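Have a look at the structure below, then the notes.
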Amino acid sequence: GKNSMSFFRAITLSLSSSVRLRHGFRKPISVFPTAQILRSFSVSVLTPAFQRRLDSYLSRHNAINASITAEGASMKPDQIQALSKELSRIGPLVRAGQRLKELQRDMEEITKMISDAADDMELRKMAKEELQLKQNEVTEVEQDLVELLIPKDEADPRDIVLEVRAGAGGQEASLFAMDVFRMYERFADLKGWNFEVLSESQSELGGYKEATAGIKGTEVFGSLKFESGVHRVQRVPITEAAGRVHTSTVTVSVLPEAEESDVTIHERDLRIDVYRSQGAGGQSVNKTESAVRITHIPTGLVVAIQEEKSQHRNRARAMTILRARLYEQERAKREAARAAARNEQVGTGDRSEKIRTYNFAQGRITDHRVGLTLHGLDSMLNGELLDEFSEALRQRERKRALDEVANSSL
C-alpha cells in the first residue's frame, strides 16, 4: 500500500525531473510489449499532415537558434531582427510541440511501468490514472497545436480602407449605400474603433454614389474582411408611389491598409491632377485647386479626393487608398494561385459575389455563403448583428483552413 504509493510517486517525480532536464529532440522510444495500453489512451487529433507541419516548425526553430549561435556576431542587425521576429512568431507553436513530445515520453515511461508491475494491482491502478491525466493534457496541447498550425492571415491585425459603392438600382441603390456605410460606422463605434470619412460622392436624394472611410483599431481587417462583395436590398423605395418592392445592390470593398514598405510605387508611374472641389450639383465649392486625382498608370487605378481644403492632405489620403488597392490586388493574386492549387473557386473577397440579402418586407438578413438568416433589420443597420455573421464566416474559414492543412503534402 504505502510503500507502493511512495514508489510510484518517486518514479513519477524522477520521470518529471528527467523530462524537464532534457533539451533538444530524440527519436521515439521503441514500442513496448504492452503498447496496446498506450494506444488505448492515445487517440491523436494530429493528422500526419499536421505532424509534418509541426516537425518542420521544430526543425526551423532549431536551425534559427543554431544559426544565431554560430553566426550571430557577424550578422547584420536587420538579419538578427528578422530571425528574432520569426522565432517570436513560431515560439508558441514550438513550445506546445516540445510539451507534446515531453508528454508522449512520459506516457511511454508510465506504460512501461504498468507492464513491469504486473503483480501490483494498486500500482497499476495509480499508473493508469496518471496515464489518463497525461492523455487529457495531450488532448489539450494537441488542440492548441491545431489552432496554432492553421495559417493566419497576415493582414488580420491591420487597419482598413472601406469602400462602399452604389450598384444596380439608381437612386435607391445610393440610399442603401448610405445605410450600409453608416452601418459600418456604427459597428466601428461599438468596437471602439476610429472611423474617418476619406471621401464621399452624394446623389441627388442625399444617398452615396460612393463613399470611402479609414477604420483604425484592433483586428479591424480580421473582423470585416468577409464584408467584401455585393450586398442586395429588397424593399419599397421612397421614390416608389405604387408600393412595389425593388431590388438594388451595393458593392463593398474592405482593403487592408498597406504600409509604404508593402507596395512599391514609383513617382514616374503616377499622373497627378489637381482641380477645384465640386459639390453635388457640379458647382465649384473651393477657390483653390485643392482636389487631387491620382492615376496609377501601370494598373489604370484612379483615386480622387476633394474632402480637405488642403491639397497636401488630399494627396496623402489618395495615396493611402491607392496603396491599399494595390496591396489588395497582390493579395488577390496570391489567393487565386492558392485556390488554383486547391482546384477550387475563390469565394471570400470576390467583389462580384452576391454575399448577403437584406429583405425589408420579411425583416430578415441572409448571408448566402453560410446560409445564415437573422431577423432584425434595425439592429443590423445599427451594427449590432455584424459580429454574428462575422463569427459564422470565421468558422467557415477556419474549417477550410483545417481541411487545407490536413490534406496538405508538406
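Quick notes on this one:
- Members of region 218-247 that are in a strand (DSSP E or B), of a type in the set (Lys, Arg) and under 22 Å from Ile160 (Cβ atoms): none
- Whichever residue in region 204-233 is closer than 30 Å to Pro151 by Cβ and among the aliphatic types (A, V, I, L, M) and, among such residues, is most open to solvent (accessible area, probe 1.4 Å): Val230
- Note on region 101-112: among residues that are open to solvent by 20 Å² or more (accessible area, probe 1.4 Å) and either touching a Lys or Arg at 6+ places or on another chain (Cβ under 7 Å) or not acidic (Asp, Glu) (or both), the one that is nearest to Asp55 (Cα to Cα) is Lys101.
- Extreme residue, nearest to the chain's Cα centre (by Cα), among residues of region 201-217 that are over 29 Å from Asp153 (Cα atoms) and part of a loop (DSSP other than H, G, I, E, B): Gly207
- So Arg342, is it at pLDDT below 80 and within 30 Å of His375 (Cβ to Cβ): no
- For Asn382, the criteria (1) touching a Gly at 6+ places or on another chain (Cβ under 7 Å); (2) surrounded by 16 or more Cβ atoms within 10 Å (Cβ to Cβ); (3) of a type outside the set (Phe, Trp, Tyr) hold in every case but one, which is (1).
- Of the numbered criteria (1) open to solvent by less than 60 Å² (accessible area, probe 1.4 Å); (2) closer than 22 Å to Leu224 by Cβ; (3) out of contact with any Phe, Trp or Tyr (no Cβ under 7 Å at 6 or more places or on another chain), the one Asp387 fails is (1).
- Within the option set Leu123, Leu131, Leu87, being without any contact (Cβ under 8 Å) to a residue 60 or more places away in the chain and open to solvent by less than 50 Å² (accessible area, probe 1.4 Å) holds for one residue only, Leu87.
- Qualifying residue in region 118-126 (condition: small (Gly, Ala, Ser) and not in a helix (DSSP H, G or I)): yes
- Selected residue (criterion: modelled with the lowest pLDDT) from residues of region 352-363 that are in contact with a strand residue (DSSP E or B) (Cβ under 6 Å, 6 or more places away or on another chain) and open to solvent by 50 Å² or more (accessible area, probe 1.4 Å): Lys354
- In region 293-308, the residues that are open to solvent by less than 50 Å² (accessible area, probe 1.4 Å) form Cβ pairs under 7 Å with partners that are assigned to a loop (DSSP other than H, G, I, E, B) and not acidic (Asp, Glu), at six or more places apart or across chains, as follows: Glu308/Ser290.
- Across region 257-286, the qualifying residues are those that are among the β-branched types (Val, Ile, Thr) and modelled with pLDDT of 75 or more, and the one among them that is nearest to the chain's Cα centre (by Cα) is Val263.
- Here Ala166, Ala173 are screened, and the one residue that is open to solvent by 20 Å² or more (accessible area, probe 1.4 Å), over 23 Å from Glu330 (Cα atoms) and at pLDDT 90 or above is Ala166.
The values are calculated or read from the model by the stated rules, or taken from the named source; none is laboratory data. These numbers come from a predicted model, not from an experiment. Reconstructed Cβ throughout: ideal geometry from the backbone, glycine too, with neighbour counts over all protein chains shown. These area figures cover heavy atoms from the full protein model, side chains too; ligands, DNA and RNA do not enter into them. Shrake-Rupley method; radii C 1.70, N 1.55, O 1.52, S 1.80 Å.
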